[in-house]
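Heads up: the structure comes next, in structure tokens.
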Amino acid sequence: MSESIGRQQFEVGDVLLVSCPSACARVVHVTPFEVSVEWPWARIDPDSEIRWNGQRAIPRATPDGEWGGLFQVDPQAGHLEVGGSCLVGIPETLVRIIDIGRFDPPADVGWLPRPHTMLIVLPVGHPHDPHAEEEGDTIDLDSAAPIKIERPRGRPAPVPRRPRWPAR
């Protein structure tokens with residue numbers, strides 16, 4: 001299966017370098033395992049059958065060998081409080097496409113814009129279980145988030161299981 005956007009053509013197995021500049025988000029819920037924020041990029045879809053609340057949960061810490069997803073919060077665990085703010089973004093991460101979802105009409109996911117195409121990805125070097133139903137994270141090609149997708153030059157090197165924000 002392949003998909004294109006602009007002049008880019010995507011196929012299962014492609015390796016991509018993805019990132020998203022961080023944006024400020026309000027913290028609405030904190031647990032030892034995740035932080036929920038008001039999502040800074042999508043709008044609630046008033047015509048959706050899914051009642052999305054405008055929030056997204058992001059893992060704070062993941063066990064060894066597991067991946068928490070593309071988006072990360074800064075500051076990390078321990079420094080976030082409900083009502084406070086944090087930065088949400090994607091540090092540069094090498095990923096491999098494991099599946100591509102295409103939707104016509106666009107998928108009703110609860111937010112706008114509704115996606116036509118979603119790339120399902122895992123970090124390069126992370127094992128892929130083709131029988132797992134909820135493996136990987138999605139890159140919505142129609143997203144309002146300013147996600148940057150590039151093709152790495154040369155052979156991709158494995159990335160750490162959990163990329164970290166650059167030190168300040």
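Derivation of every value follows stated rules applied to the coordinates shown; laboratory data play no part. Note that the structure is predicted; figures quoted are calculated from it, not measured. Note that each Cβ is placed from the backbone with ideal geometry, even for glycine, and that neighbours are counted across all protein chains shown.
Things to note:
- Filtered trypsin sites (Lys or Arg not before Pro), the range 37-124: DSSP coil and at most 16 other beta carbons within 10 Å: Arg51
- Here the contact order of the range 65-126, divided by its residue count and restricted to Cα pairs under 8 Å and six or more residues apart, works out to 29 percent.
- GluC sites (Glu not before Pro) lying in DSSP loop within the range 21-56, provided at most 16 other Cβ fall within 10 Å: Glu49
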